[in-house]
Amino acid sequence: MLRLDKIQVSIEGIRILRDVSCEVVEGKTTVLIGRNGAGKTTTLRAIMGLLPLDSGSIHLDLDNLGAMSAYRRAHVGIGYAPEDRRLVAELSVEENIRLPALALKLGSVEAERRLDEVYTLLPQLRGLRSRSGGGVSGGQGKMVALGRALMVARKVLLLDEPFQGLAPALAMDYARTLGDLRKHRPELALLITESSPALLDKIADRTLQIERGEVLAEPAGAEVTDPE
């Protein structure tokens, strides 16, 4: 379980997150919705250690993430696909996907196993494997970023605004992929940020709302599944 307990985060002296608390449970999909600037991306960056905490704590099972450097958080099994994809333009699609395996110093057998798993879930990437990271479309780049995050995600997968900027057909394809992921990797805990969660209705177990840096009660009509 990933647990955030009253975390506060500031950027350049301005308080962005105010006592944010939530739990992301193994085998469940939690969707965090909010307007632009509400604190969604900041929450994910804080989990990944890309922004320091002013106060509060973040734990993954018994591990205190606040005591870990950012790169160590990938070692405990947290995969992260940022909104802006951040592909290395000079590397091929497959090299971009493989980067975490190099960072984690995975053995060749395990790296190949994880890569095969990515291609099984995202078969469209196999046909793009030799294309440069700078030569893919925005929608394709989102899929590459998802595949790269899946190379790392053994316990938790964080997706920041995965449908942002996608054409409707590509958004539907991405949503179907997440449904397949839920079936193929049922043990994963997913935390997905979105401005509008309509495409996630079928896989969301819990929907939370963030407003001005504070997590509110579930939006009206949201269905909450008890993790027990």
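What follows is calculated from the coordinates using simple rules that are stated; it is not laboratory data. All of these numbers come straight from a predicted model, not from anything done at the bench. Glycine also receives a Cβ, built like all others from the backbone with ideal geometry; neighbour counts cover every protein chain displayed.
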Legend entry - Proxy reagent accessibility, fewest Cβ within 10 Å first, across Tyr174, Tyr119, Tyr71: Tyr71, Tyr119, Tyr174
Inset, instruction - Identify, among Ala101, Leu208, Pro186, the residue whose Cα sits farthest towards the positive end of the charge dipole of the chain, taking +1 on the Cβ of Lys and Arg and -1 on the Cβ of Asp and Glu, with the dipole about the Cα centre. - result: Ala101
Inset, instruction - At a Cα cut-off below 14 Å, give the aspartates and glutamates reachable from Lys6, other chains included and same-chain residues fewer than 8 away excluded. - result: Asp19, Glu23, Asp54, Glu214
Inset, instruction - Would you look at the GNM of the chain, springs on alpha carbons closer than 10 Å, and say which of Gly134, Gly179, Gly13 moves the most? - result: Gly13
Legend entry - C-alpha long axis of helix 108-121 to longest principal axis of the chain, angle in °: 80 degrees
Legend entry - Estimated FRET transfer efficiency (Arg176, Ser130; beta-carbon r; R0 22 Å; 0.05): 0.30
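Based on the Cβ-Cβ distance from Gln8 to Ala103, what FRET efficiency comes out when R0 is 22 Å, to the nearest 0.05? List each step's numbers first, then the result.
Numbers: r = 29 Å, r/R0 = 1.33.
According to the calculation, E is roughly 0.15.
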Inset, instruction - Just the number, please: percent antiparallel of the DSSP beta bridges in the chain, rounded to the nearest 5. - result: 50 percent
Inset, instruction - Mind putting together the pair-distance distribution for the stretch 1-118? All Cα pairs, 10 Å bins, whole percent per bin, short to long. - result: 11, 38, 34, 16, 1
Legend entry - Built amide H within the under 5 Å cut-off of Val215, gap 5+: Ser21
Inset, instruction - Could you calculate the contour length gain from Asp116 to Glu214, that is, 0.36 nm times the residue separation minus the distance between their Cα atoms, to one decimal place in nm? - result: 31.3 nm
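With charges set only on the Cβ (+1 for Lys and Arg, -1 for Asp and Glu), what does the dipole of the stretch 174-217 come to about its Cα centre, in debye to the nearest 20?
Details: 7 positive and 7 negative charges, 43 e Å.
With Lys and Arg at +1 and Asp and Glu at -1, about 200 debye.
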Legend entry - 20 Å reach of a label modelled at Ala70, 7 Å along Cα-to-Cβ, counting backbone N of the stretch 20-34: none
Inset, instruction - Stick to Cα atoms and the Kirkwood definition of Rh, then tell me Rg/Rh for the stretch 101-219. - result: 0.98
Inset, instruction - Show the residues, 5+ positions off or on another chain, whose built amide H is closer than 5 Å to the amide H of Leu51. - result: Ala46
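With charges only on Cβ, +1 for K and R and -1 for D and E, what is the dipole size of the chain about its Cα centre, in debye, rounded to 20?
Details: 30 positive and 31 negative charges, 121 e Å.
That gives a dipole near 580 debye.
Report the semi-axes of the equivalent ellipsoid for the chain in whole Å, largest first, where each axis is √(5λ) for an eigenvalue λ of the Cα gyration tensor.
For the chain, the semi-axes come out at 27, 20, 17 Å.
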Inset, instruction - Relative to the longest principal axis of the C-alpha atoms of the chain, give the angle of the C-alpha long axis of helix 168-184, reported between 0 and 90° and rounded to the nearest 10°. - result: 90 degrees
Inset, instruction - Please identify, among Ile203, Ile78, Ile58, the residue showing maximal mean-square fluctuation in a Gaussian network model of the chain using a 10 angstrom Cα cutoff. - result: Ile203
Inset, instruction - For the chain, with a Gaussian network of springs between Cα atoms less than 10 Å apart, report the residue from Glu12, Glu214, Glu112 with the top mean-square fluctuation. - result: Glu12
